[in-house]
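First the structure, in the form of structure tokens, and then the observations on it.
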Amino acid sequence: MLALIISSMLMAIAIPAYDGYAQRARVARAVSDIGTISLAIDRFRLRNRDRVPMSLDELGIEIPDDPWGQPYIFVNIIDAGPGFGGFRKDGNLNPINSDFDLFSAGKDGEYAGPLNAGQSRDDVVRANDGAFIGLAEDY
């Protein structure tokens, strides 16, 4: 009986610790993927007179799904124009990029325009035109 109690207590500690580790590993992979895709977009822009691709398919490379099994979301801000309301925004509702948005909707698979919205907190985003790549809650 004592062994069962001790093993239950150890499991109660170990499972949340492992889940936290696994979540951090998924976020790190998403950050790496977004950085790699951003570099491919930069190479595309160098070859095409600074034109941002209309979609990730135009890059001619295989784009992996995010660590949660969803496709990465890409929005060409330059071609969408100022009237398009789907840009990612900071807490003051200022767009976080001026060229393109590239992000993962995170564990819950949901997102909203502002990063401070509840469903956007777990998103992995590219911000400041690539100077920041990480969790939306850390931006």
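Mind telling me which of the residues Ile37, Ile78 ends up being modelled with pLDDT under 95, of a type in the set (Val, Ile, Thr), part of a helix (DSSP H, G or I) and on the phi < 0 side of the Ramachandran plot?
After ruling out the rest, the residue left standing is Ile78.
Within the set of pairs 6+ apart or on separate chains, which have a first residue in segment 59-73 that is in a loop (DSSP other than H, G, I, E, B), a second that is buried (at least 17 other Cβ atoms within 10 Å of the Cβ) and aromatic (Phe, Trp, Tyr), and C-beta atoms under 6 Å apart?
From residues that are in a loop (DSSP other than H, G, I, E, B), the pairs are Asp66/Tyr72.
Is segment 113-132 home to any residue that is of a type in the set (Ser, Thr, Tyr), under 13 Å from the mean Cα position of the chain (by Cα) and either surrounded by fewer than 17 Cβ atoms within 10 Å (Cβ to Cβ) or within 28 Å of Gln23 (Cβ to Cβ) (or both)? Before the answer, list the steps.
Initial filter on segment 113-132 (of a type in the set (Ser, Thr, Tyr)): 120.
Then keep just the ones that are under 13 Å from the mean Cα position of the chain (by Cα); that gives 120.
If we keep only those that are either surrounded by fewer than 17 Cβ atoms within 10 Å (Cβ to Cβ) or within 28 Å of Gln23 (Cβ to Cβ) (or both) too, we end up with 120.
Checked against the condition, which is being of a type in the set (Ser, Thr, Tyr), under 13 Å from the mean Cα position of the chain (by Cα) and either surrounded by fewer than 17 Cβ atoms within 10 Å (Cβ to Cβ) or within 28 Å of Gln23 (Cβ to Cβ) (or both), segment 113-132 yields at least one hit.
Among the residues that make up segment 35-43, is at least one of them surrounded by 11 or more Cβ atoms within 10 Å (Cβ to Cβ), within 20 Å of Arg126 (Cβ to Cβ) and over 21 Å from the mean Cα position of the chain (by Cα)?
Scanning segment 35-43 turns up no residue that is surrounded by 11 or more Cβ atoms within 10 Å (Cβ to Cβ), within 20 Å of Arg126 (Cβ to Cβ) and over 21 Å from the mean Cα position of the chain (by Cα).
For segment 81-131: of the residues being without any contact (Cβ under 8 Å) to a residue 12 or more places away in the chain and not in a loop (DSSP other than H, G, I, E, B), which is farthest from Asp50 (Cα to Cα)?
In this case the residue turns out to be Gly118.
Per-residue answers, yes or no, for (1) within 22 Å of Tyr139 (Cβ to Cβ); (2) not β-branched (Val, Ile, Thr):
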| site | (1), (2) |
| --- | --- |
| Gly20 | yes, yes |
| Leu46 | no, yes |
| Tyr72 | yes, yes |
| Ile77 | yes, no |
| Asp90 | yes, yes |
| Ala105 | yes, yes |
| Pro114 | yes, yes |
| Gly118 | yes, yes |
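The values are calculated or read from the model by the stated rules, or taken from the named source; none is laboratory data. Given the structure is predicted, the values throughout are model-derived calculations rather than measurements. Every residue, glycine among them, receives a Cβ derived from its backbone with ideal geometry; neighbour counts consider all protein chains shown.
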